[in-house]
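Remarks on the structure that follows.
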Amino acid sequence: MAANNRRMSGKKGAQVGSGGKRRRGLEGKGPTPPAEMRKGHAKQRAANAKARRTTGRPQQRRGGGRSTSELVVGRNPVYEALREGVPASTLYVQQFIDNDERVREALQLAAERGGINLMEAPRPELDRMTNGLNHQGLVLQVPPYEYAHPEDLVAAAHDEGVDPLIVALDGVTDPRNLGAVVRSVSAFGGHGVVVPERRAAGMTAGAWKTSAGTAARTPVARATNLTRALESYQKAGITVVGLAADGEAELGDLAALDGPVVIVVGSEGKGLSRLVGETCDFRVRIPMPGGAESLNAGVAAGIVLYEAARRRS
């Protein structure tokens with residue numbers, strides 16, 4: 001009976017054992033960590049702020065995708081592509097070809113450049129490769145273009161210690177316009193061009209030729225969604241300026257060109273798309289006293305890039 005009274009008493013504390021908890025409670029917790037590692041300490045907050053400043057620069061993100069390989073067909077087009085420095089992997093020459101001056105010049109250019117495979121192929125094989133086009137015995141294979149990621153362009157500007165100067169193309173479908181814009185970006189110290197993944201010109205042989213070789217040193221980035229890419233630039237502190245014939249401000253009055261900026265150029269016929277136009281921080285117009293209704297993308301981009309370079313010099 002006495003034992004039952006002890007078991008049913010209201011005495012607090014462990015009845016059987018502590019399971020070692022008391023013993024572990026007596027063990028030390030090791031040396032006190034430095035202030036930088038203590039949660040909530042002022043020195044830890046300062047260290048975290050310094051780390052954020054150090055890593056604030058966007059990291060390069062390769063992955064803009066690749067285009068498909070392309071064929072340049074015909075004696076004059078092949079010769080001009082080789083002369084203009086269009087990247088090439090293989091030059092196909094028809095067996096028993098009539099070796100005229102243009103063929104000899106193309107073969108000489110390919111040999112001088114180096115790194116281009118020379119392949120002799122029968123005419124039926126070239127017909128099959130070109131889907132029956134009039135290849136005239138010469139076919140040049142252009143390798144896929146390696147696009148940059150839109151964030152790579154910002155990272156390149158930070159590497160140089162300058163404000164980003166980028167051009168984005170909205171609805172520009174002519175590769176020659178893309179090539180002209182790449183050439184202007186290179187001439188005025190820009191950091192690259194952004195194009196949408198769909199319904200837009202890509203870096204074809206025509207774009208390479210129009211760029212006059214500058215595409216080799218001026219990156220072209222491809223965005224899955226141009227609007228989201230522009231919004232990402234805005235979050236990084238970059239002003240997005242769209243060119244529009246009915247823009248609210250004139251180019252000369254735009255102070256934003258002095259700092260980090262993305263210049264958005266639309267197609268010659270339709271201009272900026274609705275979503276892209278609404279995303280822009282400013283919509284500006286280029287004054288044209290001569291009365292022209294619009295400028296093509298290459299000319300418009302060149303004018304704005306010149307103005308931006310003039311203010312930054």
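Carbon-plus-sulfur accessible fraction, segment 251-290 (probe radius 1.4 Å, protein heavy atoms only): 53%.
Quote the Stokes-Einstein diffusion coefficient, in whole µm² s⁻¹, for segment 237-313, based on the Kirkwood radius over alpha carbon pairs, a temperature of 37 °C and a viscosity of 0.692 mPa s. Show your work: numbers first, answer last.
Working: Rh = 12.6 Å.
Rounded, D is 261 µm²/s.
Could you estimate the translational diffusion coefficient of segment 156-313 from the Stokes-Einstein equation, with Rh from the Kirkwood formula over C-alpha pairs, at 20 °C and 1.002 mPa s, in whole µm²/s? Taking Rh from Cα pairs, D becomes 140 µm²/s. Remark: segment 175-256 carries 43 Å² of accessible area per residue (probe radius 1.4 Å; ligands, DNA and RNA excluded). On segment 191-237, 44 percent of the accessible area sits on carbon and sulfur atoms, based on a 1.4 Å probe.
The values are calculated or read from the model by the stated rules, or taken from the named source; none is laboratory data. Since we're looking at a predicted model, the values are computed, not measured. Heavy atoms of the whole protein, side chains included, go into the accessibility calculation; ligands, DNA and RNA do not. Shrake-Rupley method; radii C 1.70, N 1.55, O 1.52, S 1.80 Å.
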